[in-house]
1. May I ask you to verify whether Gln25 is touching a helix residue (DSSP H, G or I) at 6+ places or on another chain (Cβ under 7 Å) and either surrounded by fewer than 11 Cβ atoms within 10 Å (Cβ to Cβ) or polar (S, T, N, Q) (or both)?
2. Taking segment 55-72 on its own, how many of its residues are of a type in the set (A, V, I, L, M, F, W, C), part of a strand (DSSP E or B) and over 12 Å from Phe23 (Cα atoms)?
3. I'm checking my understanding of the structure. Among residues of segment 54-65 that are small (Gly, Ala, Ser) and modelled with pLDDT under 95, which one is nearest to Ile14 (Cα to Cα)?
4. Looking only at segment 43-72, filter to residues that are polar (S, T, N, Q) and under 17 Å from Ile3 (Cα atoms); which one of those is farthest from the chain's Cα centre (by Cα)?
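The values are calculated or read from the model by the stated rules, or taken from the named source; none is laboratory data. Quick caveat, the model's predicted, so the values are computed rather than measured. Here the Cβ positions follow ideal geometry from the backbone for every residue, glycine too, while neighbour counts run over all protein chains shown.
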Amino acid sequence: MKIFLTITDNAGGINEELLSKVFLQHFTTKCDEGSGIGLHMSKRILEKIDATISVQNVETGYGKGASFTISI
């Protein structure tokens, strides 16, 4: 049995060119403010417990947004 947790925002989504890079170590779109380690470490921790995390852009009832799904 798997459990899925999906978290979706309505902040416009992630640029399609960057979508495949969001889990890379030190990748950030925040220039001087972000370290790019948060999503990378989240993915690594989840993989250690045989879980996964993925991201995609979605249309919500409130506009376009990014949707992260964790599968445990």
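1. Numbers: touching a helix residue (DSSP H, G or I) at 6+ places or on another chain (Cβ under 7 Å): yes; either surrounded by fewer than 11 Cβ atoms within 10 Å (Cβ to Cβ) or polar (S, T, N, Q) (or both): yes.
In short, yes.
2. To start, the set of residues in segment 55-72 that are of a type in the set (A, V, I, L, M, F, W, C) comprises 55, 58, 66, 68, 70, 72.
Cutting the leftovers down to part of a strand (DSSP E or B) gives us 55, 58, 66, 68, 70.
Those left that are additionally over 12 Å from Phe23 (Cα atoms): 58, 66, 70.
Total meeting the criteria: 3.
3. Restricting attention to segment 54-65, the residues satisfying the condition of being small (Gly, Ala, Ser) are 54, 61, 63, 65.
Adding the requirement that they be modelled with pLDDT under 95 leaves 61, 63.
On the way: Gly61: 17, Gly63: 13 Å.
So, considering only residues that are small (Gly, Ala, Ser) and modelled with pLDDT under 95, the one nearest to Ile14 (Cα to Cα) is Gly63.
4. Let us first name the residues in segment 43-72 that are polar (S, T, N, Q), namely 52, 54, 56-57, 60, 67, 69, 71.
Next, only the ones that are under 17 Å from Ile3 (Cα atoms) stay: 52, 54, 67, 69, 71.
Details: Thr52: 11, Ser54: 6, Ser67: 7, Thr69: 8, Ser71: 13 Å.
So the residue we want is Ser71.
Residues checked against (1) assigned to a loop (DSSP other than H, G, I, E, B); (2) touching a strand residue (DSSP E or B) at 6+ places or on another chain (Cβ under 9 Å):
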residue: Met1; (1), (2): yes, no
residue: Ile7; (1), (2): no, yes
residue: Leu24; (1), (2): yes, no
residue: Thr28; (1), (2): yes, no
residue: Asp32; (1), (2): yes, no
residue: Gly36; (1), (2): yes, no
residue: Met41; (1), (2): no, no
residue: Glu47; (1), (2): no, yes
residue: Ile53; (1), (2): no, yes
